[in-house]
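Please read the structure below before turning to the comments.
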Amino acid sequence: MSTAPEASGGTGVAVQMTGLRRSYGDVHALDGLDLHIEPGEMVVLLGPSGCGKTTALRILAGLERQDAGTISVGGKDLTRVPANKRDMGMVFQAYSLFPHLTVLDNVAFGLKLRGRSRAERRQRAGDMLDMVGLGQHHDRYANQLSGGQQQRVALARALAIEPAVLLLDEPLSALDAKVRVQLRDEIRRVQLDVGTTTLFVTHDQEEALAVADRVGVMHAGRLDQLAPPAELYAAPATPFVGSFVGLSNRVPATVTDGRADVLGTAVPVLAGSAAGSGVALVRPESVRVVPDAGGAATVAAVAFLGPVSRATVTLADGTLVIAQLASSEAAALHVGQRVALSVEPVPVLVVAD
Ligand SMILES: Nc1ncnc2c1ncn2[C@@H]1O[C@H](COP(=O)(O)OP(=O)(O)OP(=O)(O)O)[C@@H](O)[C@H]1O
Ligand SMILES: [Mg+2]
């Protein structure tokens with residue numbers, strides 16, 4: 001997978017955040033964050049609550065000062081440039097439209113600040129609203145729109161000024177699941193169309209994996225890994241990434257000569273794995289379970305999830321392992337049944353126990 005967007009409009013600039021630090025009292029919100037974003041790329045910052053995502057975004061926007069480190073955009077050092085001169089569009093979690101302005105005037109607001117003519121403002125704001133699918137709602141006020149519509153307006157407003165960089169801080173978290181998925185796909189489509197370099201913050205891993213060129217997993221104020229979604233999932237660089245992104249079983253394993261013995265199968269190990277005996281992080285879809293009257297494992301539960309099901313299986317030593325399989329195969333399993341478990345020989349990360 002390439003790290004550059006496929007359909008960039010060519011307007012993007014590179015963003016470089018280097019060695020950023022920010023403390024609040026004893027809390028190291030950022031602890032040496034390095035993040036380089038390619039022109040036109042969408043990087044999604046993913047991480048648990050309190051790991052420093054919003055702090056990173058606010059420092060990039062100039063809304064917060066770093067204690068140390070530098071920021072450059074398009075090769076220009078922004079460290080001492082105030083927020084209103086940084087040329088960034090922002091969308092936040094909470095709806096932030098001006099309630100006394102119409103939708104069209106909300107979107108045109110930044111253009112007015114920049115001294116564009118009334119005709120140009122109306123044209124550009126109208127185009128932006130068409131782009132986010134709100135062409136018929138120019139004259140409404142914010143309180144006459146649904147949450148999803150308000151966030152579309154916020155996105156149109158952020159993009160209307162043709163910012164060098166687009167910053168999105170959990171823009172979808174107030175929306176219900178269905179609208180959330182629709183709007184995230186729409187944000188990605190618009191971003192690819194316009195080609196704006198984008199930093200998108202979320203703690204929702206499915207959202208991150210779905211829209212990013214690369215996902216940056218943050219942990220305690222720094223990046224653990226920055227990689228395209230499929231690579232992040234298949235080859236987590238640290239135990240934290242392995243357990244934070246996607247479901248992983250923890251299966252006892254012994255590493256010899258770069259291979260791990262996992263449930264009797266020799267499996268290649270990923271870079272960064274522990275040596276000797278440890279615990280392999282094994283994806284549920286890598287676990288194979290077959291009915292076997294002489295098997296050493298027992299089915300503890302089967303959960304039907306539509307096209308796939310998840311079987312929870314107890315090993316002889318009491319370890320619980322979750323296997324994901326096609327629901328058609330899972331139909332042959334029942335609680336209490338004896339089964340044999342094995343794993344696909346895909347590379348795993350082995351961590352110290
Ligand atoms: N103005 C502030 N004063 C004191 N502590 C702060 C301030 N802003 C952030 N922090 C602390 O810095 C750490 C990082 O906060 P930040 O808001 O960046 O986290 P986050 O990753 O965005 O979390 P969430 O997913 O909950 O939004 C937290 O421990 C937070 O309590
Ligand atoms: Mg936050």
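The values are calculated or read from the model by the stated rules, or taken from the named source; none is laboratory data. Computed from a predicted model, the values in this text were never measured in an experiment. Here the Cβ is made from the backbone with ideal geometry for all residues, glycine too, and neighbour counts use every protein chain on show.
I'd like to know if segment 132-148 contains one or more residues that are touching a residue at least 60 places away in the same chain (Cβ under 8 Å) and closer than 16 Å to R188 by Cα. Before you say what the answer is, go through the steps one by one.
Just the residues of segment 132-148 that are touching a residue at least 60 places away in the same chain (Cβ under 8 Å), to begin with: none.
Among the residues of segment 132-148, not one is touching a residue at least 60 places away in the same chain (Cβ under 8 Å) and closer than 16 Å to R188 by Cα, which makes the answer no.
Identify, from the list L101, L111, the residue that is in contact with an Asp or Glu (Cβ under 9 Å, 6 or more places away or on another chain), more than 16 Å from ligand 2 (Cβ to nearest atom) and over 28 Å from L226 (Cβ atoms).
Numbers: L101 fails: in contact with an Asp or Glu (Cβ under 9 Å, 6 or more places away or on another chain).
Unique residue meeting the criteria: L111.
Taking the residues in segment 328-353 that are small (G, A, S) and more than 32 Å from the chain's Cα centre (by Cα) as candidates, determine which candidate is surrounded by the fewest Cβ atoms within 10 Å (Cβ to Cβ). Outline the logic, then answer.
As a first pass, look at segment 328-353 and keep what is small (G, A, S): 328, 330-332, 336, 340, 342, 352.
This time we only want the ones that are more than 32 Å from the chain's Cα centre (by Cα), so: 331-332, 336, 340.
Values: A331: 12, A332: 12, G336: 7, A340: 17.
Ranking the candidates gives G336 first.
Mind checking which residues of segment 250-279 are over 15 Å from S342 (Cα atoms) and of a type in the set (D, E, K, R)?
Matches in segment 250-279: D257, R259.
May I ask you to list pairs of residues, at least six apart or on different chains, whose Cβ atoms are under 6 Å apart, with the first in segment 168-181 being within 12 Å of ligand 2 (Cβ to nearest atom) and the second being polar (S, T, N, Q) and in a helix (DSSP H, G or I)?
D169/T54; P171/Q151
Being part of a helix (DSSP H, G or I), closer than 19 Å to V13 by Cα and either free of Cβ contacts under 8 Å to residues at least 40 places away in the same chain or touching a strand residue (DSSP E or B) at 6+ places or on another chain (Cβ under 9 Å) (or both) is the requirement here; does L57 meet it? Give the steps one after another, and end with the answer.
On the way: part of a helix (DSSP H, G or I): yes; closer than 19 Å to V13 by Cα: yes; either free of Cβ contacts under 8 Å to residues at least 40 places away in the same chain or touching a strand residue (DSSP E or B) at 6+ places or on another chain (Cβ under 9 Å) (or both): yes.
Against the criterion (part of a helix (DSSP H, G or I), closer than 19 Å to V13 by Cα and either free of Cβ contacts under 8 Å to residues at least 40 places away in the same chain or touching a strand residue (DSSP E or B) at 6+ places or on another chain (Cβ under 9 Å) (or both)), L57 qualifies.
Could you tell me whether I71 is over 27 Å from A210 (Cβ atoms), more than 8 Å from ligand 1 (Cβ to nearest atom), surrounded by 21 or more Cβ atoms within 10 Å (Cβ to Cβ) and touching a residue at least 40 places away in the same chain (Cβ under 8 Å)? Spell out the reasoning first.
Values: over 27 Å from A210 (Cβ atoms): yes; more than 8 Å from ligand 1 (Cβ to nearest atom): yes; surrounded by 21 or more Cβ atoms within 10 Å (Cβ to Cβ): yes; touching a residue at least 40 places away in the same chain (Cβ under 8 Å): yes.
Answer is yes for this residue.
Within segment 283-299, is there a residue that is among the polar types (S, T, N, Q), under 21 Å from V255 (Cα atoms) and in contact with a strand residue (DSSP E or B) (Cβ under 6 Å, 6 or more places away or on another chain)?
Initially, segment 283-299 is screened for residues among the polar types (S, T, N, Q), giving 286, 298.
Checking the rest, the ones that are also under 21 Å from V255 (Cα atoms) come to 286.
Applying the additional criterion that residues be in contact with a strand residue (DSSP E or B) (Cβ under 6 Å, 6 or more places away or on another chain) yields 286.
Scanning segment 283-299, I find at least one residue that is among the polar types (S, T, N, Q), under 21 Å from V255 (Cα atoms) and in contact with a strand residue (DSSP E or B) (Cβ under 6 Å, 6 or more places away or on another chain), so the answer is yes.
Please list, ordered by first then second residue, the pairs with beta carbon atoms under 7 Å, 6 or more apart or interchain, first in segment 10-31 and assigned by TED's automatic domain parsing to the domain that holds Q66 and near ligand 1 (Cβ under 10 Å from one of its atoms), second β-branched (V, I, T) and not in a strand (DSSP E or B).
Close Cβ pairs satisfying both conditions: R22/T55; R22/I59; A29/T55; L30/T55.
Search segment 313-333 for residues that are outside the structural domain of R288 (by TED's automatic domain parsing) and on the phi < 0 side of the Ramachandran plot and pair each with any residue that is surrounded by fewer than 16 Cβ atoms within 10 Å (Cβ to Cβ) and polar (S, T, N, Q) when their beta-carbon atoms are under 7 Å apart and the residues are at least 6 apart or on different chains.
none
Restricted to segment 158-178, and to residues that are part of a loop (DSSP other than H, G, I, E, B) and more than 15 Å from the chain's Cα centre (by Cα), which residue is farthest from R58 (Cα to Cα)?
Going through segment 158-178, the residues part of a loop (DSSP other than H, G, I, E, B) turn out to be 161-164, 170-176.
Narrowing the set further to residues that are more than 15 Å from the chain's Cα centre (by Cα) leaves 161-164, 174-176.
Numbers: I161: 19, E162: 19, P163: 16, A164: 16, A174: 20, L175: 22, D176: 26 Å.
Restricting to residues being part of a loop (DSSP other than H, G, I, E, B) and more than 15 Å from the chain's Cα centre (by Cα), the top hit is D176.
Here's the yes/no breakdown for (1) in contact (Cβ under 8 Å) with a residue 60 or more places away in the chain; (2) surrounded by fewer than 21 Cβ atoms within 10 Å (Cβ to Cβ); (3) among the hydrophobic types (A, V, I, L, M, F, W, C); (4) not assigned by TED's automatic domain parsing to the domain that holds P347:
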position	(1), (2), (3), (4)
G276	no, yes, no, no
L281	yes, no, yes, no
P284	no, yes, no, no
V287	no, no, yes, no
D292	no, yes, no, no
V308	no, yes, yes, no
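Taking the stated definitions as given, is N106 assigned to a helix (DSSP H, G or I) and at pLDDT below 90?
Details: assigned to a helix (DSSP H, G or I): yes; at pLDDT below 90: no.
So N106 does not fit the description; no.
From D34, D87, grab the single residue that is more than 16 Å from ligand 1 (Cβ to nearest atom) and under 27 Å from G242 (Cα atoms). Give the derivation first.
On the way: D87 fails: under 27 Å from G242 (Cα atoms).
On inspection, the qualifying residue turns out to be D34.
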